[in-house]
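Enquirer: Take a look at the following structure, please.
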Amino acid sequence: SPAVRRAEVEGADGEAPTHVPNLWSMSIGPKLLDSFGMSVSAGRDFHDGDRAAGARTVLVNEAFARRYTGGTTPVGRRLRYASEAASPEPWLEIVGMVRDIGMTPTDDGEAPYVFHAAAPSAVTPLVMGVRVAREPEALAARLRTIAADVDPGLRVDDVRPLDQVVWRTDVSLLVGAGAFVAVVCLGLFLSAAGIFSLTSVSVARRTREIGLRSALGASPGRILRGIVGRALVLIGSGVAAGNLVVLLVVVLDSEVELSFVTHALLTTSAVMLGVGVLACLEPARRALRIQPVQALKES
């Protein structure tokens, strides 16, 4: 089954390697590419030598080339897996590129993949893909009979159509992603509610001050700009400090792409600042409706 690993891709013409925080990796046996219609678009396919012990060759898909080599052919480039806790693994040479194909229903072929040549004896348990012209359910019982004829000790544990296999994989991924999104949304809602409450209370406590300024001739627009500006400075300082901490954690130790985190932080920052502005408007509006004479008497 596919795995996600951290890697780096060799740069062209002596350029620095490109760091890849999330790269899909899969070991495949002979004829799998043919079974799934993944033809080679550049370079070559695996041969028997690539399945020998110590071979350091891989294939990549076109999505890999679009994302990490600027759309140019990656054949001849090298990549290696890396981690924060250990030294990088040996370099692997890219010998071919295959066309994109969605590996799951939620993958439209945009995920970058690296394929390793695996000898059948090196994969446990062995997952075999069989391409059939008829309904796959009708072949399930026949496959067990064929396996028993080849070797009585060969056990076929599970036979399912591919859409059922990837559906289970996608459901588990979507459930995990959905739970994460739900937690983030809840945290964002609670943070926004807290900012709204604190800001509105803070502005409401300045009702007498706002009334006195109005009585002394300050225009409503100037007063409102002062109130909103003060709130934005306070909220902006907190948001900036929080964003710096998150970015520092991501840069030092994270499997998440920095670009994705940056977009998320920009969105949440805009939400927080917008909530702060809205929290100022209603208390300020009520304060500005106080009659100047009443404000002077109460002072």
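Enquirer: Considering only residues of the range 1-29 that are without any contact (Cβ under 8 Å) to a residue 60 or more places away in the chain and more than 28 Å from the chain's Cα centre (by Cα), which is farthest from Arg99 (Cα to Cα)?
Expert: Gly14
Enquirer: How many residues are among the β-branched types (Val, Ile, Thr) and at pLDDT 80 or above if we restrict to the range 194-234?
Expert: Of the residues in that region, 1 qualify.
Enquirer: Counting just the residues of the range 71-90 that are closer than 14 Å to His19 by Cα and surrounded by fewer than 14 Cβ atoms within 10 Å (Cβ to Cβ), which one comes out farthest from the chain's Cα centre (by Cα)?
Expert: Ranking the candidates gives Pro88 first.
Enquirer: Which of the residues that make up the range 36-51 are touching a residue at least 60 places away in the same chain (Cβ under 8 Å) and over 14 Å from Asp100 (Cα atoms)?
Expert: Phe46, Asp50, Arg51
Enquirer: Follow-up question, since we're still on this one. Could you please let me know if Ala55 is touching a helix residue (DSSP H, G or I) at 6+ places or on another chain (Cβ under 7 Å) and more than 15 Å from Tyr113 (Cα to Cα)?
Expert: Considered against the rule, which asks whether it is touching a helix residue (DSSP H, G or I) at 6+ places or on another chain (Cβ under 7 Å) and more than 15 Å from Tyr113 (Cα to Cα), Ala55 comes out as yes.
Enquirer: For the range 1-59, enumerate the residues that are under 19 Å from Glu110 (Cα atoms) and basic (Lys, Arg).
Expert: Arg5, Arg6 - these are the residues of the range 1-59 that are under 19 Å from Glu110 (Cα atoms) and basic (Lys, Arg).
Enquirer: Here's something else I'd like to know. Considering only the range 15-57, state which residues are among the acidic types (Asp, Glu), open to solvent by 40 Å² or more (accessible area, probe 1.4 Å) and not in a loop (DSSP other than H, G, I, E, B).
Expert: Answer for the range 15-57, where residues must be among the acidic types (Asp, Glu), open to solvent by 40 Å² or more (accessible area, probe 1.4 Å) and not in a loop (DSSP other than H, G, I, E, B): Asp34, Asp48.
Enquirer: Moving on. In the set Val251, Val261, which member is open to solvent by 70 Å² or more (accessible area, probe 1.4 Å), modelled with pLDDT under 75 and in a helix (DSSP H, G or I)?
Expert: Checking each option against the conditions leaves just Val251.
The values are calculated or read from the model by the stated rules, or taken from the named source; none is laboratory data. This one's a predicted model, so the numbers in the text were calculated from it and none came from an experiment. Heads up, the Cβs are rebuilt from the backbone with ideal geometry, glycines too, and the neighbour counts pull from every protein chain shown. Only protein heavy atoms, including side chains, enter the accessible area calculation; ligands, DNA and RNA are left aside. Shrake-Rupley method; radii C 1.70, N 1.55, O 1.52, S 1.80 Å.
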